[in-house]
Amino acid sequence: MHTMTDTGPDTRFARTRVAVFDAYGTLFDVAAAARHLADEIGPQWQTLSAVWREKQLQYTWLRAVMNRHTDFWSVTRDGLDYALETADLGGDAGLRQRLLDLYWQLDAYPEVPEVLRALKRKGIATAILSNGSPDMLAAAVESAGIGPLLDDVISVEDAGVFKPDFSVYRLASDRMAAFPPDIAFFSSNGWDAAGAAAFGFAVCWVNRAGAPQERLPWTPDRVVADLTPLPSFLGDAA
């Protein structure tokens, strides 16, 4: 893997004209919904949140493989139902609804607005490319107040399949009118970073969790702990 420190020049990203971001886990904190109800859920809130996210993603992959697409809100609900039953909370309809409501207004990570503003000042276009359905993404963007800092919000619903299908990454290239090497893609998900790298984007894995590298042949060009270093290495071609 080509690993670099969090700061300094990187020729792979020097030609970046467009910065494309995954949404959930990259811009928006997927643990925020359960965290806000931690007192009600109890000490198992972190486990519940982790299982919810795990099953949500697994259901996207399974549906893609089986060619049985549905929208992201459906797999989000299904993943939560699994997680609640795992935690012996499956009968608490009120808690379920409160968690689902909170998922529409997830907290953005604290560095997100300023990083997006810095990229705009550098003349770099910004976009979201997400598994999220259009209405979910619109609500999250509005809640975080970052709409004016984004040039586009792209949902996989326009492709009818979830990541990491190549048709999803192609949406970003087509919508932003940019060749893949001119696009820098950022995701907190190692599997998503691998998919984008295989497609041909310059890829930065935002490894917020300090996770091990995925055992896949397609690797990120750079690894960072959060989004803060982005303006220092994007779009600096002479």
Rounded percent of accessible protein surface that carbon and sulfur make up, segment 126-238, 1.4 Å probe: 55 percent
Spatially proximal lysines relative to LYS163 (Cα-Cα < 22 Å; intrachain offsets below 8 disregarded): LYS55
In Hz, Karplus ³J(HN,Hα) per residue of segment 28-39 (6.51, -1.76, 1.60; θ = phi - 60°; x = Gly, Pro): 10, 7, 6, 7, 5, 4, 5, 4, 5, 10, 4, 5
Amide hydrogen neighbours beyond the local backbone of ALA202, cut-off 5 Å, H modeled: ILE183, PHE185
Helix 190-199 vs. the chain, principal-axis angle (Cα, 0 to 90°, nearest 10): 40 degrees
Cα-based Rg / Dmax (Å) for the chain: 17.5, 60
Mean separation of Cα contacts under 8 Å (6+ apart) over length of segment 27-80, as relative contact order %: 33 percent
Cubic angstrom per residue, convex hull over Cα atoms of segment 61-105: 79 Å³
Nonlocal amide H pairs with ASP71, under 5 Å, H built at 1.01 Å: none
Calculated SAXS-style log₁₀ I(q)/I(0) at q = 0.14, 0.15, 0.20, 0.29 Å⁻¹ - segment 182-238, Debye, Cα scatterers: -0.34, -0.39, -0.67, -1.22
Distance between modelled label sites at ASP135 and PHE166, nm, 7 Å Cα→Cβ extension: 3.4 nm
Note, ³J(HN,Hα) from phi for segment 161-175, Karplus 6.51, -1.76, 1.60, rounded to Hz, x at Gly and Pro: 7, 8, 4, x, 4, 4, 5, 6, 5, 5, 4, 5, 4, 5, 5
Estimated FRET transfer efficiency (PHE179, ALA50; beta-carbon r; R0 35 Å; 0.05): 0.40
Principal-axis tilt of helix 93-103 within the chain, Cα atoms, nearest 10 degrees: 10 degrees
Euclidean distance between Cα centres, segment 40-62 to segment 68-126, Å: 11 Å
Among THR70, PRO134, SER232 - extreme Cα towards positive end, dipole of the chain, charges at beta-carbon: SER232
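The values are calculated or read from the model by the stated rules, or taken from the named source; none is laboratory data. The structure presented is a predicted model; accordingly, all values stated were derived computationally and were not measured. Every residue, glycine as well, gets a Cβ built from its backbone with ideal geometry; the counts of neighbours run over all protein chains shown. These accessible areas exclude ligands, DNA and RNA; they are computed on the full protein's heavy atoms, side chains included. Shrake-Rupley method; radii C 1.70, N 1.55, O 1.52, S 1.80 Å.
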